[in-house]
Each structure stands twice: as structure tokens, then as C-alpha cells.
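In what follows, a single structure is set out as C-alpha cells and then discussed.
The values are calculated or read from the model by the stated rules, or taken from the named source; none is laboratory data. The model shown is predicted, which means the values in this text are computed figures rather than measured ones. All Cβ positions, even for glycine, are placed from backbone atoms using ideal geometry, and neighbour counts span all protein chains on display.
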Amino acid sequence: MKRNCSFSPKQVGVFYLSIVCFSLLVATYFLLIGVWMVIIFTSIEILALTFALYIYSRHALDYEKITIVGKQLLFERSWGGKVQSHEFNTIWTKLVRSESTGRDLVLKTSAQEVPIGFFIGANEQAQFEKELERYLGI
């Protein structure tokens, strides 16, 4: 399961470069005709855009991966460049709804609880839950 992003990191880079070039071109024109204050606002604009696209790019490659081999379930999540792995025994693992919200899915054993399915749409969640429950508690 991957995050639904409209831009790939490469497309973000091309977009960023084109916006920066255009902004600097406009700022240079105004600087040449004597309106030097525009360069200050252009710098602020580029700084804000850099910050926003940096945050976007960090999370563009987020994913969740579930691998089931025999009685072992391996859950891996990449969130902001940090990878977390959790290993479960399918016999002792249950898939339940979160007690706090009632709609989020949680892999639960006696020792740990791990929320899953952040990137699944509401209309696909029931099907995902049904498919995963086939492998649990066997």
C-alpha cells in the first residue's frame, strides 16, 4: 500500500526548478528597472516553497507492506524515510478496529498493537480487512 501522491519526487524537482527559475527571472527584471524590494519577496516565496516541497517529498514515498510466509506475518511501514518492522505469528494475531475511533484497523497480539491501513481508502477497507483475516488465527 502506498501513499496516493500526484507528483513523483522527480516531478517535484522539475516543478520546483521551473518555479524558482521563473520567479528569479521576474525578480531580475524588476531589479534591473530599479525596484529592488521585489527580490526580498521573491526570496521569501522561494524559501516557503522549498520548505513545503521538502515536507511533501519526505512523505511521497511512504508505504506499508505486509508479507505472509507460512505462520509469520511481517509488517513494514516507511513513514518520512523511517522504516519500522513488526513481526507477528498469524495464529496469535487478530485484526480489530481501533477502540478510540472504531474505524482504523489494528494488528493486535497480547504483546503489541500496530495500527495499519493508513493508505487504504474507506471504500477499500472492508475488502482489505476480509482478505487479511483469512490468514490470521489459522
Exercise. If we scan the stretch 60-69, do we find a residue that is assigned to a helix (DSSP H, G or I), under 30 Å from LEU17 (Cβ atoms) and within 14 Å of the chain's Cα centre (by Cα)?
Worked result: yes
For this session: Go through (1) in contact with a helix residue (DSSP H, G or I) (Cβ under 9 Å, 6 or more places away or on another chain); (2) surrounded by fewer than 16 Cβ atoms within 10 Å (Cβ to Cβ); (3) hydrophobic (A, V, I, L, M, F, W, C); (4) over 25 Å from LEU53 (Cα atoms) one by one and return the number of the condition LEU105 breaks.
Result: (2)
Exercise. What do you reckon, is SER98 outside the structural domain of ILE19 (by TED's automatic domain parsing), among the polar types (S, T, N, Q) and under 30 Å from PHE15 (Cα atoms)?
Worked result: no
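Output the number of residues of the stretch 12-29 satisfying the condition of being of a type in the set (A, V, I, L, M, F, W, C) and more than 13 Å from LEU53 (Cα to Cα). Give the steps one after another, and end with the answer.
Initial filter on the stretch 12-29 (of a type in the set (A, V, I, L, M, F, W, C)): 12, 14-15, 17, 19-22, 24-27.
Of the ones still in play, those that are also more than 13 Å from LEU53 (Cα to Cα) are 21-22, 24-27.
Matching residues across the stretch 12-29 total 6.
Checking the conditions here, which among LEU25, LEU74 is without any contact (Cβ under 8 Å) to a residue 40 or more places away in the chain, touching an Asp or Glu at 6+ places or on another chain (Cβ under 8 Å) and either among the aliphatic types (A, V, I, L, M) or not in a strand (DSSP E or B) (or both)? So that I can check it myself, show each step before the final result.
Values: LEU25 fails: touching an Asp or Glu at 6+ places or on another chain (Cβ under 8 Å).
LEU74 is the lone residue from the list that is without any contact (Cβ under 8 Å) to a residue 40 or more places away in the chain, touching an Asp or Glu at 6+ places or on another chain (Cβ under 8 Å) and either among the aliphatic types (A, V, I, L, M) or not in a strand (DSSP E or B) (or both).
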